[in-house]
1. For Phe68 and Gln259, what is the calculated FRET efficiency with R₀ set at 45 Å and r taken between the beta-carbons, to the nearest 0.05?
2. Which of the trypsin sites (Lys or Arg not before Pro) across region 45-113 are loop residues per DSSP, with 14 or fewer other Cβ within 10 Å?
3. Once phi is turned into θ = phi - 60°, what whole-Hz ³J(HN,Hα) does the Karplus curve with 6.51, -1.76 and 1.60 give for every residue of region 33-39, x standing for Gly and Pro?
4. Between Ala227 and His179, what FRET efficiency comes out of the Förster formula 1/(1 + (r/R0)^6) with R0 = 45 Å and r the beta carbon distance, rounded to 0.05?
5. Return one number: the angle in degrees, 0 to 90 and rounded to the nearest 10, between the long axis of the Cα atoms of helix 132-141 and the longest principal axis of the Cα atoms of the chain.
6. Give me the angle, in degrees from 0 to 90, between the Cα long axis of helix 171-180 and the longest principal axis of the Cα atoms of the chain, rounded to the nearest 10.
7. How do Cys162, Cys89 line up, fewest other C-beta atoms within 10 Å first?
8. Semi-axes of the chain's equivalent ellipsoid from the Cα gyration tensor, sqrt of 5 times each eigenvalue, largest first, rounded to whole Å?
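Read-outs: derived from the displayed coordinates by stated rules, not from any lab. This is a predicted model, so every value here is computed, not measured. Because the Cβ atoms are built from the backbone with ideal geometry, glycine has one as well, and the counts that use them run over all protein chains shown.
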Amino acid sequence: MPYADLHCHSTFSDGTSTVEELVNLAVQAGLKGLSLTDHDTVAGYPELVKQTQKTDITLLTGVEYSTFYRGHSVHILGYGFSPDHPSLCHLFERHQKRRRERNLLILEKLTKKGMPIDTSLFLTTTPPTAGRPHIAQFLVDQGFVPNIPTAFALYLGDGKSCYVAGEPLSVTETIDTLHTAGGIAVLAHPHLLHSASLVRQLLALPFDGLECHYGQFPPKENARWVAMAQRHHLLITGGSDFHGSNKPHLSLGCAGINQETFEKLVQKKIFP
Ligand code: AMP
Ligand code: ZN
Ligand code: FE
Ligand code: FE
């Protein structure tokens, strides 16, 4: 079991576990370090700080941003930043505006296909960073599809009939903002990117680290990315990408980093 898991999601984005449940799982898994990396928000941190006070878990501030590079979707993990830095807060607002506008466009497309979702119910029952997994759950609840993977396969997956990319937020601007807020920028799950050549192009940008250890892949597959991180002199990070029952095959702590790497990262800023 790794010392720290640096990639997980709560109900503040598209995870199904509350922050309290997440902390209980972290304790059960024997984790000593944790970074909550909800999509485009740090809204879970005040509760996370409260819930970890009675544990021996050390926190590292984290977030996962959705950006675009030359038409490809790219996820960037940020760590160790000051969560209330004005530049960062402004970027959170822009990301959340992008999500809101995009969700409404997706709901319009679904309505045109005969699958209406009650917009006001959607907006009042999902977090400000809601995304496609929430829409998929509505489609399941209303009986339009049997399960979430089918919703993605038929309608919501990249390039499918009801997919909307939304305003593309740039990789370089996101990295710059994380640096301005005293944090570091890590290229998330390179395993899922279109090609190794795209990863190399991205690593020419001022990233600080590469997420080499990723829950969904076996150690042999992760080793390839460790080698690439070493060639580029990047920090090697890792995490499960735990989403609760939205990704039932990934348990909290199934991937992560050792104590030495975690302590190096924590020397940066942690949430007060
Ligand atoms: P969004 O942030 O709205 O673009 O939604 C992306 C999220 O949807 C990812 O972080 C995954 O958690 C989830 N996701 C993407 N593809 C699938 C899929 N085929 N089946 C289930 N969940 C998916
Ligand atoms: Zn997610
Ligand atoms: Fe991701
Ligand atoms: Fe994630």
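1. The pair Phe68/Gln259 has a calculated efficiency of 0.80.
2. Lys54, Arg70, Lys113
3. Once rounded to whole Hz, the list reads x, 8, 10, 7, 10, 4, 5.
4. Using R0 = 45 Å, I get an efficiency of 0.95.
5. Between the helix axis and the principal axis of the chain, the angle is about 50 degrees.
6. 50 degrees
7. Cys89, Cys162
8. Whole-Å semi-axes of the equivalent ellipsoid: 29, 21, 19.
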